1. Name the residues in region B:204-219 that are at the interface with chain A (Cβ under 7 Å from one of its Cβ atoms), touching a residue at least 40 places away in the same chain (Cβ under 8 Å) and surrounded by 24 or more Cβ atoms within 10 Å (Cβ to Cβ), would you?
2. Kindly indicate whether any position in region C:185-202 is away from chain B (no Cβ under 12 Å), surrounded by 24 or more Cβ atoms within 10 Å (Cβ to Cβ) and under 22 Å from C:ALA18 (Cα atoms).
3. Select from region A:3-56 the residues that are polar (S, T, N, Q) and surrounded by fewer than 24 Cβ atoms within 10 Å (Cβ to Cβ) and list them in ascending order.
4. Suppose we filter A:ALA124, A:ALA66 for residues that are more than 24 Å from D:PHE112 (Cβ to Cβ) and in contact with a Phe, Trp or Tyr (Cβ under 8 Å, 6 or more places away or on another chain); which single one remains?
5. One residue is enough: does region A:155-166 have a residue meeting the conditions buried (at least 24 other Cβ atoms within 10 Å of the Cβ) and among the hydroxyl-bearing types (Ser, Thr, Tyr)?
6. Do we have C:VAL92 as touching a residue at least 24 places away in the same chain (Cβ under 8 Å) and closer than 30 Å to C:GLU194 by Cα here?
7. Can you find, within region B:171-184, the residue that is surrounded by the most Cβ atoms within 10 Å (Cβ to Cβ) among those that are more than 30 Å from A:ARG230 (Cβ to Cβ) and in contact (Cβ under 8 Å) with a residue 60 or more places away in the chain?
8. Among the residues of region B:151-163, count how many are facing another protein chain (nearest Cβ under 7 Å), under 21 Å from B:VAL226 (Cα atoms) and touching a Ser or Thr at 6+ places or on another chain (Cβ under 6 Å).
There are 4 protein chains.
Amino acid sequence: MSKPVCAVVGVGEGNGAALARAFANEGAAVALLARRTDFTSKLAKELPDARAYACDAADSASIAEAFGLIRAEMGDPTTLIYNAGSGVWGDVESVGLRDFEAAWRVNAYGAFAASREVIPAMKAAGRGVIIFIGATASRRGAPGTAAFAPAKAAQRSLAESMAKSLWPHGIHVALIVIDAVVDLPRTRERMPNEPDDFFLKPVDMAASAVWLAKQPRSAWSFEIEVRPFREKW
Amino acid sequence: MSKPVCAVVGVGEGNGAALARAFANEGAAVALLARRTDFTSKLAKELPDARAYACDAADSASIAEAFGLIRAEMGDPTTLIYNAGSGVWGDVESVGLRDFEAAWRVNAYGAFAASREVIPAMKAAGRGVIIFIGATASRRGAPGTAAFAPAKAAQRSLAESMAKSLWPHGIHVALIVIDAVVDLPRTRERMPNEPDDFFLKPVDMAASAVWLAKQPRSAWSFEIEVRPFREKW
Amino acid sequence: MSKPVCAVVGVGEGNGAALARAFANEGAAVALLARRTDFTSKLAKELPDARAYACDAADSASIAEAFGLIRAEMGDPTTLIYNAGSGVWGDVESVGLRDFEAAWRVNAYGAFAASREVIPAMKAAGRGVIIFIGATASRRGAPGTAAFAPAKAAQRSLAESMAKSLWPHGIHVALIVIDAVVDLPRTRERMPNEPDDFFLKPVDMAASAVWLAKQPRSAWSFEIEVRPFREKW
Amino acid sequence: MSKPVCAVVGVGEGNGAALARAFANEGAAVALLARRTDFTSKLAKELPDARAYACDAADSASIAEAFGLIRAEMGDPTTLIYNAGSGVWGDVESVGLRDFEAAWRVNAYGAFAASREVIPAMKAAGRGVIIFIGATASRRGAPGTAAFAPAKAAQRSLAESMAKSLWPHGIHVALIVIDAVVDLPRTRERMPNEPDDFFLKPVDMAASAVWLAKQPRSAWSFEIEVRPFREKW
């Protein structure tokens, strides 16, 4: 297969699908990784040369297995988009030890494990793109993000460490901080009175990911935030 | 004239020219503002529908005059790129009161004055783009930037205040932090032993400015940094 | 006079007076600088060895004159507290060029000018303390701080540049970011329904300034923020 | 026992011991927590009413057990200092999954677990102090801190979330960022040519922790950094 391979970890109907579509439009064969494959199997049929892989991003063995299959079936990814991320809401008293660990596992540990799967081939090739999808919580803790924010902060710090060590090898590591409510069926339901303008459209965010992947290497960006023009910040 | 008008304040042979060329390539009629017009007059002949204007960016009266002419001759700018910026190097003891003020005037005061020239029409149209070109010093002070860093920090803070008040009106205010040595005849001369890879190419930085100007408004970026892949940071 | 001299620039009934009292309690002879001397003259009588000086902090000539007098009458200041600071509220459209400049002059330019008056003697002595009093706006711009935030950001950046060049000479430059509504007659009047706990007490902020001035030099702080325990941030 | 109880998690010969001594000097009965008790048992004999507890800060069950004993034997801690922290050095390729997790466990997870042990009683009392000891890596990732920096960033973010939810209940959560090489036998050995001035003295850092614990609540600090006056930053 001569198409470049883009692996997207964490593909649901929102940002993950939009990222997959955007990179497929750019000519990539996209590997779609998600815990369950019911959605990704359908999406894989829509996108030329895409394939769905079951992968629990919180589990490094599952990541190793999925990337082993991708390498065997599609080839070495030249682009990795790490979009897996979740976390319960709650303050330090209401979230539990398990929540705290689970958030870290999927947002930070999985990002570390997935990156290690793709770095050797990227380094050998002298090029590659690794983009982490962050959130407002990547930059600061809030009362209700006692589990989520530390996980996202760890992810951001990892991205920065990786950027500093991998950029000189031609691997563009970057972080997109989504400072917005994403336009999803469930967010629309939760906020039925907000206008269209209130929401970040996944396709618009994905356009910036595509831009980052194309930046000429004399002027790379590490961290960009994206938010709707109406967002208060 | 039906082309959109892009005003670039601070056009020399490096970033300013690259920005002008990039926006001209995108179909804009570019107004080229610089203190002296010897370079910009020549550049104006290269670019379709471009015009050169004499403007001292440190002087609000000069800015008002130049923008008055632009509006009369070219129409209301829909894009403003504020690239004027300079400052002597030196610590708090070696720079003087005059240096401290001069740096602020060209980096911050001029940015404020120029923005005020374009905002009313942008607001009436419900759209526009204002991009400030910052530097490493926009984010932090160093021993040798006692005059320059406060000026750039003021510019960044102004950009943030403007973004928060103008984004909801459809005006995309953004800041590009150049964390690099720019590839210019004078920097090459100063650092003859650095390889090509060491320098940021103005054309590559300008590509990110063009991207910012195109971002869909559900996912705008405010601040991005650009640096060469080999830069230490 | 064998007491150490502490110069406080910007002495009104709130933070300035509290800072003056706090350093007087620590045994300093305090020079009280303010545009008008009606309040500072009375305060000078309360504090042992204190003196009032007329000084317009936005005017470098006035600063030079006041510090010339201080040096002649009291001796070289070993501590400088720069508390002068003000700015009109308004966004980029509602504040004018004059507001923008005035805010910078009193918050940043005056800080630079005053620092330069005390640095030579501190450097010769191999010790000294310079503390700038910042605000929330030192760290970020808001819609309504188009004039004030750039001025405070410039001040913060200057403080950082100075810290990096002067710390190695034994001069402890630091910044206190007040992220609060200060307890003053005029703020109480404006917010009559807020409880006591809502306000930052100047005396409590001043206690942290005193602490900074005492920190042992193997563990100096550059920037600290202070806010009431009930503040939302 | 009527003395206030201060629990210090992570007591070795450097910062931990200095923090314990500083709070003992302030009149606290100090609980000394460390994995091994050989050093803490000796230290406990030096300090009035101090006790040593075996505790693996990376293990929430061990933390729960130690704090259960502290509550039973000494009473509810009114101050918690979380000083446990370590991590191997290495970039994303050289550190392993186990290193990445181990660093997070001791720096972030343990901080979360220990905090949860003391919060209920502090909240009931309407007062308390929780201080986390951070590092340069709390604020940014470097090439060689691919495991350590994400762990410290998570800790910092947790501290911020906790501060925002607990301050209004009278619990002062704060973070001390140590931006320095700490003066320890092993650092002196590693850097035999550095002068005394190069190192941060634990006792000096501890003085700032004591200050934070005393700050009046109308002007609390969340994050302070400490570094030697000669440090480059």
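1. Answer for region B:204-219, where residues must be at the interface with chain A (Cβ under 7 Å from one of its Cβ atoms), touching a residue at least 40 places away in the same chain (Cβ under 8 Å) and surrounded by 24 or more Cβ atoms within 10 Å (Cβ to Cβ): just B:MET205.
2. yes
3. A:ASN25, A:THR37, A:SER41
4. After ruling out the rest, the residue left standing is A:ALA66.
5. yes
6. yes
7. Looking at the filtered set, the residue picked out is B:ASP183.
8. 2
The values are calculated or read from the model by the stated rules, or taken from the named source; none is laboratory data. Values in this document were obtained by computation on a predicted structure and should not be read as measured data. As a convention, Cβ positions derive from the backbone with ideal geometry for all residues, glycine included, and neighbour counts pool all protein chains shown.
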